[in-house]
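Inspection log for the structure reproduced underneath, given as structure tokens.
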Amino acid sequence: MTRVAILGGGPGGYEAALVAAQLGAEVTLVDRDGVGGSAVLTDCVPSKTLIATAEVVSDAAESAELGVELGHDSVGVDLRRVNQRVLELAKAQSADTTATVEKAGVQILRGTGRLAPGDRVIVDDGAHEFVADVALLATGARPRILPEAEPDGERILTWEQVYDLDELPEHLVVVGSGVTGAEFASAYNALGSDVTLVSSRDRVLPGEDADAAYVLEEVFARRGLNVLSRSRAASVRREGAGVTVSLTDGRTVRGSHCLMAVGSVPNIEGLGLSECGVALDDRGFIKVDRVSRTSARGVYAAGDVTGVNMLASVAAMQGRTAMWHSLGDAVSPLNLKTVAANVFTDPEIATVGWSQAAVDAGDIDAVAVKLPLTTNARAKMLGIRDGFVKLFCRPGTGIIVGGVVVAPRASELIHPISLAVEASLTVDQMARAFTVYPSLSGSVAEAARQLHRRD
Ligand SMILES: Cc1cc2nc3c(=O)[nH]c(=O)nc-3n(C[C@H](O)[C@H](O)[C@H](O)COP(=O)(O)OP(=O)(O)OC[C@H]3O[C@@H](n4cnc5c(N)ncnc54)[C@H](O)[C@@H]3O)c2cc1C
């Protein structure tokens, strides 16, 4: 029996553990904080649970247009109850995942693990020690802390600490306009806080489709969410009952609370990497190839600690791939061009495949069509004012190579495009499939129809 050791119980680790157990290995999963990892305990699951409440609030707040009378002047939230639900749901999800992993026959050790020469794994400084034929490092990442903006857990917060708040921040300053910053800014704005988003770049979501980011900026502006673009935070200080964010150009922003969302750093400390010959890349993440191998024989790595694409779904696929490869099952290298991703703002932004930026840069020859949702009958019925469907296909063959959806629940609407990209379907194949009338997915089929070319 191959002995597999997995350090880290997030999606990279636990999904790998399930595959390894399925393939007949003897699997030990070592985790410090709880199975499910940051994804379940502090990051994806809590933030999306909070956002679920925010969605209900903004739907209610905008329901007058649909003839709804709520009977109150405004819709409010009890943040203590919201956060209690968030934390309970995260705990329950971790317990469910633990049960699934245990049922598969995986041994779970609670503790901090590291590698040691001689294929050894040491847990909690020697409380446990064992030998493994294959090791997977899936220790994740943590919020990046700026020395001039040290979180205090009360007013200056990381995204892991926001669930300790009992009351809605009166004025939340969010530093960082990447995915995490934009999601929290959107959510707290909907929940009823004044929000200022400090963005060092020209626009929010600099890594996303520019048309999508533009829609989001318009929505933010309409809802009174203040975006300070080209503004870099130099320091954040607690002052009295609030915080002062000082910008590098000398301006200051006052708020009641500040959320720091300035990226993540990999959990690599104390893992025994250099002793065991595991190399890092120039950003300080563990270097892996497309089947998750590190530079050390028998040692694999998956998830945020590799910095490949910091998503739970990618972590899980890297972890599974590592096990398929090490245990001799059929395996194909990770293909980042088929990853579907979503920004859970309101509206959501979902993407898959080649991007507009890559098309514009000439990295791929593709044609695009963009359909606003405003002409879609279902969107009108639902009172949806913002959003679009964009599809990219190869000019000669019509093979779909990517797409963007900006809409409520874009995370669900992207799936047919994702399927098309994975299976190299053509726009004509996509257009021939029935969609329900009326439906938002009708716009996906319509975009495909518009890309039809007659030879
Ligand atoms: C606010 C936020 C929201 C997000 N939302 C989404 C989303 O909606 N969808 C999505 O796909 N992605 C989302 N992500 C990204 C996602 O959370 C990560 O990509 C994912 O958690 C990575 O999984 P992982 O297995 O690499 O590590 P993690 O989930 O970070 O798990 C790593 C585990 O390893 C443990 N560990 C660390 N060191 C050791 C050690 N030495 N020994 C033992 N255990 C150790 C940690 O305690 C942790 O339990 C979000 C990220 C953030 C910050």
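Numerical summary
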| quantity | calculated |
| --- | --- |
| Selected residue (only one of 35, 40, 86, 57 is open to solvent by less than 20 Å² (accessible area, probe 1.4 Å), in a loop (DSSP other than H, G, I, E, B) and under 27 Å from residue 260 (Cα atoms)) | 35 |
| Cross-chain or 6+ apart pairs with Cβ under 6 Å, segment 128-141 first and closer than 13 Å to residue 318 by Cβ, then open to solvent by 30 Å² or more (accessible area, probe 1.4 Å) and within 14 Å of the ligand (Cβ to nearest atom) | 140/38; 140/304 |
| Test: residue in segment 8-18 that is open to solvent by 40 Å² or more (accessible area, probe 1.4 Å) and more than 9 Å from the ligand (Cβ to nearest atom) | yes |
| Cβ-Cβ under 7 Å pairs, at least 6 apart or on other chains, segment 176-193 side over 10 Å from residue 205 (Cβ atoms), far side within 16 Å of the ligand (Cβ to nearest atom) and among the acidic types (Asp, Glu) | 186/346; 190/346 |
| Segment 311-329 residues that are within 16 Å of residue 294 (Cα to Cα) and touching a residue at least 24 places away in the same chain (Cβ under 8 Å), paired with ones that are aromatic (Phe, Trp, Tyr) and within 13 Å of the ligand (Cβ to nearest atom) (beta carbon under 9 Å, 6 or more apart) | 318/300; 319/14; 319/300; 321/300; 322/300; 323/300; 325/300; 326/300 |
| Qualifying residue in segment 91-104 (condition: basic (Lys, Arg), farther than 30 Å from residue 274 by Cβ and either part of a strand (DSSP E or B) or within 16 Å of the ligand (Cβ to nearest atom) (or both)) | yes |
| Unique match (being of a type in the set (Lys, Arg) and on the phi > 0 side of the Ramachandran plot) among 409, 394 | 409 |
| Cβ-Cβ under 8 Å pairs, at least 6 apart or on other chains, segment 38-50 side under 13 Å from residue 143 (Cβ atoms), far side open to solvent by less than 30 Å² (accessible area, probe 1.4 Å) and among the charged types (D, E, K, R) | 47/183 |
| Residue count, segment 105-139 (criterion: within 11 Å of the ligand (Cβ to nearest atom) and within 16 Å of residue 300 (Cβ to Cβ)) | 8 |
| Residue match in segment 140-157 (condition: within 14 Å of the ligand (Cβ to nearest atom), closer than 21 Å to residue 49 by Cα and surrounded by fewer than 20 Cβ atoms within 10 Å (Cβ to Cβ)) | yes |
| Residues of segment 401-455 satisfying the condition of being assigned to a helix (DSSP H, G or I) and open to solvent by 80 Å² or more (accessible area, probe 1.4 Å) | 412, 415, 419, 422, 429, 432, 449, 450 |
| Residues located in segment 1-60, provided they are β-branched (Val, Ile, Thr) and farther than 19 Å from residue 129 by Cα | 19, 35, 40, 42, 45, 49, 51, 53, 56, 57 |
| Scope segment 120-138; condition more than 33 Å from the chain's Cα centre (by Cα) and not in a strand (DSSP E or B); matching residues | 126, 127 |
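Here is a yes/no grid of residues against (1) open to solvent by 40 Å² or more (accessible area, probe 1.4 Å); (2) within 16 Å of the ligand (Cβ to nearest atom):
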| position | (1), (2) |
| --- | --- |
| 248 | yes, no |
| 255 | no, no |
| 262 | no, yes |
| 267 | no, yes |
| 276 | no, yes |
| 286 | no, yes |
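Yes/no per residue for (1) farther than 21 Å from residue 159 by Cα; (2) touching a Phe, Trp or Tyr at 6+ places or on another chain (Cβ under 6 Å); (3) assigned to a loop (DSSP other than H, G, I, E, B):
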residue: 231; (1), (2), (3): no, no, yes
residue: 237; (1), (2), (3): no, no, no
residue: 250; (1), (2), (3): yes, no, yes
residue: 258; (1), (2), (3): no, no, no
residue: 265; (1), (2), (3): no, no, no
residue: 268; (1), (2), (3): no, no, yes
residue: 272; (1), (2), (3): yes, no, yes
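The values are calculated or read from the model by the stated rules, or taken from the named source; none is laboratory data. Values in this document were obtained by computation on a predicted structure and should not be read as measured data. Reconstructed Cβ throughout: ideal geometry from the backbone, glycine too, with neighbour counts over all protein chains shown. What goes into the accessible areas is simple: the full protein's heavy atoms, side chains included, and nothing from ligands, DNA or RNA. Shrake-Rupley method; radii C 1.70, N 1.55, O 1.52, S 1.80 Å.
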